[in-house]
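A.B. asks: If you scroll down you'll find the structure; I have some questions about it.
The values are calculated or read from the model by the stated rules, or taken from the named source; none is laboratory data. Keep in mind that this is a model prediction, so the values were computed, not measured. Here the Cβ positions follow ideal geometry from the backbone for every residue, glycine too, while neighbour counts run over all protein chains shown.
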Amino acid sequence: SVKRGDFYTIVCDDILNLFGFIRSEENEDVYVIINRSNYKINTYVPLRNGEHFEDLLNCEILNSVPLEKDDKFYNQDLLEYSRKLAIQLNEYSIKILKKRMEEFV
């Protein structure tokens, strides 16, 4: 749920005007990534777990990849990231991502 649960900031970039957070409730994470700029952004989002994610606004399935040794993400010292997801955000857009149930992939 985006409205309830624990809140963790995972992306905070004032130069790119990019902000993202996790809402976590009962072992379910929902990732919200917001592009506040007037240009398209390609970036990686850190993930706590899961291989397959659904973009709830665009009905798209996205596949994550393992973290690389040199990857650095916001709040990495507080949250245990295990994977990352390549995403593209159009100008002034938002993505809401949820881990997809593995049996449906």
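A.B. asks: Being over 17 Å from residue 49 (Cβ atoms), more than 15 Å from the chain's Cα centre (by Cα) and of a type outside the set (Asp, Glu) is the filter here; which residues of the range 5-16 pass it?
C.D. replies: 15, 16
A.B. asks: Taking residue 82 as meeting all but one of (1) modelled with pLDDT under 95; (2) buried (at least 17 other Cβ atoms within 10 Å of the Cβ), write down the number of the exception.
C.D. replies: Here residue 82 meets the rest and fails (2).
A.B. asks: For the range 1-23, name all the residues that are aromatic (Phe, Trp, Tyr) and surrounded by fewer than 17 Cβ atoms within 10 Å (Cβ to Cβ).
C.D. replies: 7
Residue-by-condition table, conditions (1) crowded, with 18+ Cβ neighbours inside 10 Å; (2) at pLDDT below 95; (3) touching a His at 6+ places or on another chain (Cβ under 9 Å):
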site	(1), (2), (3)
25	no, yes, no
28	no, yes, no
31	yes, no, no
35	yes, no, no
40	no, no, no
49	no, yes, no
64	yes, no, yes
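A.B. asks: Would you point out the residue of the range 61-105, among those that are assigned to a strand (DSSP E or B) and of a type in the set (Gly, Ala, Ser), that is nearest to residue 29 (Cα to Cα)?
C.D. replies: The residue in question is 86.
A.B. asks: With 92, 44 as the choices, which residue is of a type in the set (Ser, Thr, Tyr), in contact with an Asp or Glu (Cβ under 9 Å, 6 or more places away or on another chain) and more than 25 Å from residue 4 (Cβ to Cβ)?
C.D. replies: From the options 92, 44, the qualifying one is 44.
A.B. asks: For the range 1-42, how many residues are of a type in the set (D, E, K, R), assigned to a strand (DSSP E or B) and within 15 Å of residue 89 (Cα to Cα)?
C.D. replies: 1
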